[in-house]
Amino acid sequence: MKASSLRLHSWAAALILGLAVLFPSVRGAGPGSIANHKEWRPEKRTTCDLLHPVIEQLTKNLTAIFAKEGINIEVVDSLHNKCEKEATMHACIKAQKLMIKDGVVYVTNLMPVNGFGAVELIGFLVELYEVSQLYKLPDLEFAYWHDDNPPAETNLKPTAEAPTAASWPFPPHKLPPILAWATFPGNGAMVVPYSGAFRCPKDSFDVLMSQMNDMMMEAPWDQREKVGFGRWNVFCAWYYGGTAVTFTDGSPVPCPREYLSNLYKNHTDKMLTAALGHELAGGAKAGSVPLNEQYKYRYIVSTDGWSISSKFDKYLVLGSLILKARGFVYGWYYPAMEEWVHYVPYMVKHKDDIIEMIDWARANDDEAHKIAQAAQTFALRNLNRSARLCYIFRLLSELGKHMKYTTSCDKRKVCVPLVEELKFLATWPGTHRNCKYDEVLSTYGRDDPAALPGDSGYKVLLKRHEDEPHHVWGRR
Ligand SMILES: *[C@@H]1O[C@H](CO)[C@@H](O)[C@H](O)[C@H]1NC(C)=O
Ligand SMILES: *[C@@H]1O[C@H](CO)[C@@H](O)[C@H](O)[C@H]1NC(C)=O
Ligand SMILES: *[C@@H]1O[C@H](CO)[C@@H](O)[C@H](O)[C@H]1NC(C)=O
């Protein structure tokens, strides 16, 4: 067998192969058979409304970066370069490359199976697939960065002639379109929702949203304990303790996750803030507390982790007042969030100002309650699933305007319809429990014209996930 016949980019060949396997079982079916049945689908949408500040930042950022040079084939090819050097390995294995052609989304690399399965990646793929079923998407190529941090590889070094000049390790060292779930000033990654935390786990944003009524009934505001509660793992963001985040007097902000674990011991009447495993005032070790129990506290203390906190999104739903530490990294909807409207900031004036904020909240209960309600309303209205899908659609639409070439599977070594990759993830033992794939596969996957019949594509895809990354991506 020629090597090229194994390439799924000749997708049609694989389809015919798949049909041949399936065909005998449907041969006997009469006219109007179940196999041919297609549910009605609405026309794909071409517009949707979003919060003004969110769209404004998105458009401004994209225009600043791509308006001059556009998204050209050289830059996108550099996303697909072989990783031969150790120094570039990171850029290869942390990016899921994607292509859109005639409304169909394709993955143009297959992730190595070791370390594969993080919801950071899977959640986005699920959400992107849903977007592609609801909205008309432009032809486009881009990558999704699934590491915790917005990539240092996409730090911009813009000049007047080349606004896309960047730390990207591959020639021409210009920024390809890369999406990430967090970014920071000076970085060119385009920020998208942390879809994994929004929709995959048992305590996802979407699940908490569905439990919101019960939480509010079980613990109305008046019955919540007037204590600032915070529980987190010990990751300290890389930007604390330096010049990136400073107090008003210019001195560096310490890592709140560490600092508050100690500060709390001097103020146990007001706070219960500790990193997991840290010794509590009573001597016990701090264990994890599920989000759907944390709403029993009237004040929730939020700290960023290695990157933005995915829990911050969820705290918004709980109906308690959020105290948020100053940070450096931001998420997709942060431009629309306002201090003292949606949350109360701390680590602003000095290390211990959280105590003053809790004192303020206790003394101004009505105002604190209003801020808590505004946060909840904001989340329900602007972070729900349809709002997220709309955001992703708008981002991809904006990117599409800067495309300078025609996308084609012929240009890529790998070109597998996203629906098949999702079906693979939904079946493979290492990933099949990691997200609620059926929400999209049962709704759109079964009669998706880009899908192979049933599970006929699974084995080929498994083999390719196991084998191909070794030589295609230089992984050792
Ligand atoms: C994107 O917008 C934000 C807010 O206006 C700004 O801080 C950031 O530097 C912009 N990023 C780029 C790459 O233009
Ligand atoms: C807690 O109180 C002790 C004793 O007054 C003091 O030495 C320590 O610095 C305080 N710790 C914090 C984090 O405020
Ligand atoms: C969900 O978000 C959309 C878009 O922002 C909004 O129109 C809709 O009202 C929201 N749904 C709920 C239940 O708030």
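Where a number appears in this text, it was derived from the coordinates with a stated rule and is not lab data. Computed from a predicted structure; not experimentally measured. Note that we place each Cβ from the backbone using ideal geometry, even for glycine, and neighbour counts take in every protein chain shown.
Descriptive notes on the structure:
- Note on LYS413 and ASP102: their simple-model spin labels are 2.6 nm apart, each label 7 Å out from Cα toward Cβ.
- The stretch 201-226 residues near the modelled ASP438 label - backbone nitrogen below 16 Å, point 7 Å along Cα→Cβ: 201-202
- Neighbours of MET212, meaning other residues whose beta-carbon lies under 12 angstrom from its beta-carbon, give a summed charge of -2 when Lys and Arg score +1 and Asp and Glu score -1.
- DSSP loop GluC sites (Glu not before Pro) with at most 16 other Cβ within 10 Å: longest gap in the chain: 162-337
- For the stretch 201-382, with +1 on Lys and Arg beta carbons and -1 on Asp and Glu, the positive-most of GLY327, ASN382, PRO201 along the dipole: PRO201
- Loop trypsin sites (Lys or Arg not before Pro), the stretch 183-247 (other Cβ atoms within 10 Å of the site Cβ: 15 or fewer; DSSP): LYS202
- Taking a straight Cα-Cα cut-off under 27 Å and skipping sequence neighbours fewer than 8 places away in the same chain, the lysines within cross-link reach of LYS38 are LYS101, LYS136, LYS423, LYS436, LYS459.
- Stokes-Einstein diffusion for the stretch 238-359 at 25 °C, viscosity 0.890 mPa s, with a Kirkwood radius from C-alpha pairs, works out to 163 µm²/s.
- With the simple model of a label 7 Å out from the Cα in the direction of the Cβ, LEU462 to ALA244 spans 4.2 nm.
- Annotation: amide H of ASN155 within the under-5 Å range of SER167, GLY188, sequence separation 5 or more or interchain, hydrogens built in the peptide plane.
- For MET216 and VAL289, the FRET efficiency from 1/(1 + (r/R0)^6), where r spans their Cβ atoms and R0 equals 25 Å, is about 0.85.
- With the Kirkwood sum run over all distinct C-alpha pairs, the chain has a hydrodynamic radius of 24.1 Å.
- ³J(HN,Hα), Karplus 6.51/-1.76/1.60, whole Hz, each residue of the stretch 426-443, x for Gly, Pro: 6, 9, 4, x, x, 10, 5, 9, 7, 7, 8, 4, 4, 3, 9, 5, 6, 6
- For the pair LYS38 and THR406, a Förster radius of 22 Å applied to the C-beta separation gives a FRET efficiency near 0.15, rounded to the nearest 0.05.
- Put a plus charge on the Cβ of each Lys and Arg, a minus charge on the Cβ of each Asp and Glu, and nothing anywhere else: the dipole of the stretch 201-382 about its Cα centre is then about 320 debye.
- For the stretch 250-323, applying the loop criterion from DSSP together with a ceiling of 16 other beta carbons within 10 Å to the chymotrypsin sites (Phe, Trp or Tyr not before Pro) yields TRP306.
- Remark: spin-label model distance VAL348-ALA162 equals 4.2 nm, labels positioned 7 Å along the Cα→Cβ axis.
- Each of GLY230, GLN211, ALA165 was scored by the projection of its Cα onto the charge dipole of the chain, and the greatest displacement toward the positive side belongs to ALA165; charges sit on the C-beta of Lys, Arg, Asp and Glu.
- As a proxy for reagent exposure, LEU134, LEU396 were ordered by neighbouring Cβ count within 10 angstrom, fewest first; the result is LEU134, LEU396.
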